[in-house]
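J.: Pasting a structure below so you can have a look.
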Ligand code: SAM
């Protein structure tokens, strides 16, 4: 096990397979146009597999495919089939907006994908148009149904924004219950790309718990489980569970074992990190697994990142980057780092 300077293990890896997305969520990709990663810099499936193999040999047991929108990457079941049997990888999951999931759910399941998380910020199609500039709500619902039919354990991710969708918490809990899924409410984060972020729009964990308890009665924390997981889980009096990812008001940097590999092979140790480590260069230069493992090990051992906790301490909290800064380096974007 490789430990960083704050005693945190290198445990889970989010692999962004593309920086492209087919939604324009106002909290992530609000601009009209973007600077994309150059095509020739995007890692092939073989290159991704090679790097994930090195990470797995160093103790990474949890791998999550993300993006951008991962299902925009052609033939994702092929990559899934390459990663699923890998020694050391115990948990292979994917986060998707669901638009293209209906057709892909069964092939992905067959290829060995273990779990799926679908982002679902609203149950109202008109609201999705305003929030994400898309009229394809029906496709997301079809994707969720297909994921269940394919046998995936399913989570739903909802970014809660004051005045936008904070009136849908109970509806989303009931929707999740009806679909045998668990919803996780995510606090609005001031990450790269969230240029419209303001502290007033953050609907906090405390407020979420208040709203939910008014409807259902006393809520109990679920204590057992994975302590490095970002979501705190809660149980309603009737037994249903839900999660809250309180990265903005109650960050959990101290237990964070996550790092992120962008589609062009840049490795980030924190969502808020200023820069990442280029793994594509040594990979394409012909470095062996031992050299890659040494680079990854040395980088992780020096990790001190506590990005979300440091943001919490800021007096006048504002978006991490303005548009010009994001255009200057698209690696700063949440949709490039992989959510
Ligand atoms: N396209 C996929 C999807 O929509 O799930 C995967 C990538 S997306 C960047 C991953 C997750 O990041 C989503 O659940 C999204 O809601 C979350 N996210 C993006 N921007 C965020 C922000 N400013 N605050 C909180 N969560 C955010």
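The values are calculated or read from the model by the stated rules, or taken from the named source; none is laboratory data. Computed from a predicted model, the values in this text were never measured in an experiment. Glycine also receives a Cβ, built like all others from the backbone with ideal geometry; neighbour counts cover every protein chain displayed.
J.: Could you please let me know if residue 183 is assigned to a strand (DSSP E or B), buried (at least 17 other Cβ atoms within 10 Å of the Cβ) and in contact with a helix residue (DSSP H, G or I) (Cβ under 6 Å, 6 or more places away or on another chain)? Break it down stepwise before answering.
T.: Values: assigned to a strand (DSSP E or B): yes; buried (at least 17 other Cβ atoms within 10 Å of the Cβ): yes; in contact with a helix residue (DSSP H, G or I) (Cβ under 6 Å, 6 or more places away or on another chain): yes.
In short, yes.
J.: Here is a check on your reading of the model: is residue 172 part of a helix (DSSP H, G or I) and away from the ligand (no atom under 15 Å from the Cβ)? Outline the logic, then answer.
T.: Numbers: part of a helix (DSSP H, G or I): yes; away from the ligand (no atom under 15 Å from the Cβ): no.
When the stated conditions are applied, residue 172 does not pass them.
J.: Only one of 277, 299, 336 is modelled with pLDDT of 95 or more, more than 16 Å from the ligand (Cβ to nearest atom), over 30 Å from residue 209 (Cβ atoms) and buried (at least 19 other Cβ atoms within 10 Å of the Cβ); which?
T.: Numbers: 299 fails: buried (at least 19 other Cβ atoms within 10 Å of the Cβ); 336 fails: more than 16 Å from the ligand (Cβ to nearest atom).
Just one listed residue meets the conditions, 277.
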